[in-house]
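The values are calculated or read from the model by the stated rules, or taken from the named source; none is laboratory data. Values in this document were obtained by computation on a predicted structure and should not be read as measured data. All Cβ positions, even for glycine, are placed from backbone atoms using ideal geometry, and neighbour counts span all protein chains on display.
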Amino acid sequence: MVKQKSDYPENWKKLAEELKEEVNWTCQECGIKHNETFKDGKKAVLGVAHLDQNRQHNKRKNLKVLCQRCHFRFDQQFNVMRRKYGKKFNLKPQLSIWD
């Protein structure tokens, strides 16, 4: 399911850039750097994943800088559930006493 850019907050580009800078433009899962080359010759591109899949939940603990391959692997588990359960599958964040 492809989301629209409007699902992101207005400051998303700036926030994502700050997070990438914070981790020195390195994937927090596999350790590859942005624009570094994978063994198959393709370049790594970093993005920021929402761990709970909610693009409006932008607290630091819900975000992780990932290369495109790690991001795909991370999202894959949720995509399987969406295919299985359709729109009924929803991961909106729950209220937390720690927020």
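Computed quantities for the displayed model
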| quantity | calculated |
| --- | --- |
| Residue check, Arg69 of a type in the set (Lys, Arg), more than 21 Å from Asn11 (Cα to Cα) and either assigned to a helix (DSSP H, G or I) or in contact with a helix residue (DSSP H, G or I) (Cβ under 6 Å, 6 or more places away or on another chain) (or both) | yes |
| Of all residues in the stretch 59-99 being at pLDDT 80 or above and among the aliphatic types (A, V, I, L, M), the one that is nearest to Val45 (Cα to Cα) | Leu66 |
| Pairs with Cβ under 6 Å, 6+ apart, first in the stretch 65-87 and of a type outside the set (Gly, Ala, Ser), second assigned to a helix (DSSP H, G or I) | Val65/Leu19; Val65/Lys20 |
| Residue count for the stretch 30-51, restricted to those that are crowded, with 16+ Cβ neighbours inside 10 Å, out of contact with any His (no Cβ under 6 Å at 6 or more places or on another chain) and modelled with pLDDT under 95 | 1 |
| Filtered residue count, the stretch 18-62, keeping only those that are without any contact (Cβ under 8 Å) to a residue 12 or more places away in the chain and either assigned to a loop (DSSP other than H, G, I, E, B) or of a type in the set (Ser, Thr, Tyr) (or both) | 9 |
